[in-house]
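A.B. asks: The structure under discussion is supplied below as structure tokens; questions concerning it will follow.
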Amino acid sequence: AISHFEKSLTTSPGAKSDEQGNMTLIGINAFAYASIGKYERALQLLDELQVRIDNEKNPYWQFTGLHYKILVLSHIGKINDLNEQDLEIYLNTVNQQNNQLLQYSFYFSIGYYYYKKKKLNKSFEYISKSLEIRESLAIEAGIAISYLVLAEISIKLKKNSLARNLLRKIIRIIKSNHDYFSYQWYLRLKAILLSSSLDIDRLKLSRIINKALTFSKKLRLKPEIARNYYYYSLICFNIGDLEKGFFLERKSFELFRQVGMKWEEFQLKNLVVEHSIQSSRQFFGERVKLEALSKISLLLSQQKNSEELFLGIMKSAIEISGSTRGALFLMNQNRPFQVYASGINEKFDVPDTVLEFLIKNQEPYTGSTPEKKSYLFLPILFQNTILGFIYLENELIKNIFNQEQIQVMNILSSIFGVLIDNAKAYTALKEEKKNLERKVEERTKEVYLRNEIIEKDLQATRVFQRNLMPTEMPAFEGIKGDFFYKPVEEVGGDFFDFIKIDADRMLFVIADSSGHGIRASLITAMLKTILYTYPDQNFSSIKFLIEYINESLFGQISDKYIVCLLGIIDTRKHTIEMIGGGNIVVFHYSAPNKNWNRIDIKGHMLGIIPTNILKCSESKINLQEGDKLFLATDGIIEQYIRDEEGDRIIFGEERLLSTLNEFTDSKNLLKDIVTTVRNFSGDEFLDDITAISFWRPYEKNL
């Protein structure tokens, strides 16, 4: 392309129209040189372009030249050569001229400038506007680049759903134009987007990013090769391959320097640690916590002796925490002795101040030094006694041990404490075996029982609150019920329960904790604990109960919250009294009127505001014979599919109401509703689903 551009420029006859046309040729040629990394030639052409801009009288051609100048300087990364205020003046002038082609060009080039300026929200706004204008214009050339830049910004802004839609559009454009430059760009964006998913196919990721590298090498696009190596490093961080990530990051840095990509080199030089820490922290997500619990469970089942146990504990602690090396210490008369080390050849003395802190506070101790960028002393506790501690170190990344990781490691240290105590007990039993056979037998049973309990606890942790849910509803005369619960992952945020108060009354609760994963599960576990320790187990006032729950949660669950509905069924009076807030779905079927009605339970979510300003809705229903009540978390109405354009179509309340009407007389109402939702969403639930139904049978059916 550059060869043809240069030839066209040298053979121009010199007419005015050709001079104006050359404005575009020079601009495109400069961008082409910039794309292959020949920045010096690109800047020479920009100098020539500036002379033509200064001499041009026609505003249209002046602004055409300015568009290419902004685009090329932004692409090269020489954003300091541009003045933000001047750019906005240019854009206002172009908007006044009402020339859509110029508007399209300027919104994109200035949006690209803001992207390089790291003003991502403004860049997103301008490039989106550019593509919006494009819809009214018949433009084909270069259109994939606009979408690619917008997709890259969307990924950085965590707009993953939009990014996926844009990538679908991009690949259609690429296939129609056979645009290999855009294709390798598309591949690296697809790979980085996939790498942020919890369900990562590492082999597929490797194939995609290597394919991007192959195409950029075939096209001999040195800047794109460097960018692909850099994105490859980010992908490695996202999937937890830190060693390879650092290697590729250094390689991309060297390539940026060789090609002369000053902006990229500067960004990487200043953000390398930040990128590494952020990527590593993403590595310590819900997926790794679940893997950690599985590994500890395996360690528990396979332990054979103390040496293997210490090795397993050390390996697990290093891998789960993202450390590079560490050591395990046990206590003997309040003094530590090192029993195992990984990556540490010499034995070292633990500072007295650290040891005193660990014994006194029984809390983790973190810090950093120039040589050890991050280190952590993690106490191992059993029944409020410190058995020892784990020393973990990462000499590559500073401040890697954040609060969330420490919380996970605290849970694991408790498990390590039980394992070590078991190992000690088992050793003691072996020593006493000759003379104390009976005692050995009893103690052995205790040890194996304790192991069995731990194994069950770990299994329960892997599936979390599933074991918190009731398996059946208390039986009552006059009112029947049913329930359905399905978490979208092994770990869910939904919760429900039934508490029989007396012969006539039952408390029920249905709730949805914000988010998914371990934190959501722990919050629902807190809710169950609060319910079962509430002082008034007669539940004489559900208003007082919901206030008590909010008071117990407020300030304890950080930025999380619970959407909750409480209700009391009185089978003697045939009434249901409810209170709650948020987005719990409630429908009541009136048998005399033969219709379903939505009951709005609106109010504050629990755990995020003080109780003195908490407001919740109340509702009371008198159940007639044949009446029904349906309750569900929002997962059932927020299930969705995509249409051909990629737009979301949700199941929604209208479709739910239609389904309720269809199956009103069904003996398996919940089963039929769930089947309908499953068929709608393609046999895959995208959110936790919890549903409860109550009904009062006709007397003849009792």
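A.B. asks: Collect the residues in region 305-332 that are crowded, with 21+ Cβ neighbours inside 10 Å and more than 25 Å from Glu395 (Cβ to Cβ), keeping them in residue-number order.
C.D. replies: Leu309
A.B. asks: Also, quick follow-up: Filter region 373-412 down to residues that are aromatic (Phe, Trp, Tyr) and touching a strand residue (DSSP E or B) at 6+ places or on another chain (Cβ under 8 Å) and give me whichever is surrounded by the most Cβ atoms within 10 Å (Cβ to Cβ).
C.D. replies: Taking the candidates together, the pick is Phe389.
A.B. asks: Please state which one of Leu670, Leu623 is modelled with pLDDT of 90 or more and surrounded by 19 or more Cβ atoms within 10 Å (Cβ to Cβ).
C.D. replies: Leu623
A.B. asks: Residues in region 629-636: is at least one aromatic (Phe, Trp, Tyr), surrounded by fewer than 20 Cβ atoms within 10 Å (Cβ to Cβ) and in contact (Cβ under 8 Å) with a residue 60 or more places away in the chain?
C.D. replies: Checked against the condition, which is being aromatic (Phe, Trp, Tyr), surrounded by fewer than 20 Cβ atoms within 10 Å (Cβ to Cβ) and in contact (Cβ under 8 Å) with a residue 60 or more places away in the chain, region 629-636 yields no hits at all.
A.B. asks: Which of the residues belonging to region 373-417 are over 32 Å from the mean Cα position of the chain (by Cα) and more than 13 Å from Glu363 (Cβ to Cβ)?
C.D. replies: Across region 373-417, the qualifying residues are Phe382, Gln383, Thr385, Leu387, Gly388.
A.B. asks: Now, a different point. Could you list, in sequence order, the residues of region 206-224 that are buried (at least 17 other Cβ atoms within 10 Å of the Cβ), at pLDDT below 85 and under 15 Å from Ala191 (Cα atoms)?
C.D. replies: none
A.B. asks: Next up: Looking at Ile70, Ile79, can you tell me which residue is surrounded by 15 or more Cβ atoms within 10 Å (Cβ to Cβ), more than 24 Å from Glu132 (Cβ to Cβ) and under 39 Å from the mean Cα position of the chain (by Cα)?
C.D. replies: Ile79
A.B. asks: Right, here's the next one. Determine whether Ile530 is in the same structural domain as Ile613 (by TED's automatic domain parsing), assigned to a loop (DSSP other than H, G, I, E, B) and among the aliphatic types (A, V, I, L, M).
C.D. replies: Working: in the same structural domain as Ile613 (by TED's automatic domain parsing): yes; assigned to a loop (DSSP other than H, G, I, E, B): no; among the aliphatic types (A, V, I, L, M): yes.
Here the answer is no, as Ile530 does not meet what is asked.
A.B. asks: Is it the case, given these coordinates, that Asp570 is surrounded by fewer than 21 Cβ atoms within 10 Å (Cβ to Cβ) and without any contact (Cβ under 8 Å) to a residue 40 or more places away in the chain?
C.D. replies: Answer is no for this residue.
A.B. asks: I need every pair where a residue in region 347-359 that is in contact (Cβ under 8 Å) with a residue 12 or more places away in the chain has its Cβ under 7 Å from the Cβ of a residue that is loosely packed, with under 14 Cβ neighbours inside 10 Å and part of a loop (DSSP other than H, G, I, E, B), sequence separation at least 6 or different chains.
C.D. replies: What qualifies is Ile359/Asn334.
A.B. asks: Return the residues of region 323-338 that are touching a strand residue (DSSP E or B) at 6+ places or on another chain (Cβ under 7 Å) and farther than 17 Å from Leu376 by Cβ; say none if nothing qualifies.
C.D. replies: Within region 323-338, Leu330, Met331, Phe337 meet the criteria.
A.B. asks: Hey, could you check region 330-388 for residues that are among the aromatic types (Phe, Trp, Tyr) and not in a helix (DSSP H, G or I) and say which is modelled with the lowest pLDDT?
C.D. replies: Among those that are among the aromatic types (Phe, Trp, Tyr) and not in a helix (DSSP H, G or I), it is Phe348.
A.B. asks: How many residues, within region 484-511, are outside any loop (DSSP other than H, G, I, E, B) and either among the hydroxyl-bearing types (Ser, Thr, Tyr) or at pLDDT below 90 (or both)?
C.D. replies: Adding up the residues that qualify gives 4.
A.B. asks: Are any residues in region 25-66 assigned to a loop (DSSP other than H, G, I, E, B) and in contact (Cβ under 8 Å) with a residue 60 or more places away in the chain, and if so, which ones? I'd like the intermediate steps shown before the answer.
C.D. replies: From region 25-66, those assigned to a loop (DSSP other than H, G, I, E, B) are 36-38, 56-58; that's our starting set.
Within region 25-66, Ile36, Gly37 qualify.
A.B. asks: Leu71: out of contact with any Leu (no Cβ under 8 Å at 6 or more places or on another chain) and part of a helix (DSSP H, G or I), yes or no? Can you show your working first?
C.D. replies: On the way: out of contact with any Leu (no Cβ under 8 Å at 6 or more places or on another chain): yes; part of a helix (DSSP H, G or I): yes.
In short, yes.
A.B. asks: Next question. Among the residues of region 173-192, is there at least one that is over 29 Å from Gln258 (Cβ atoms), touching a residue at least 12 places away in the same chain (Cβ under 8 Å) and basic (Lys, Arg)?
C.D. replies: No, region 173-192 contains no residue that is over 29 Å from Gln258 (Cβ atoms), touching a residue at least 12 places away in the same chain (Cβ under 8 Å) and basic (Lys, Arg).
The values are calculated or read from the model by the stated rules, or taken from the named source; none is laboratory data. As the structure is a prediction and not an experimental result, all values here were calculated from the model. In this analysis, Cβ positions are derived from the backbone assuming ideal geometry, glycine residues included, and neighbour counts consider all displayed protein chains.
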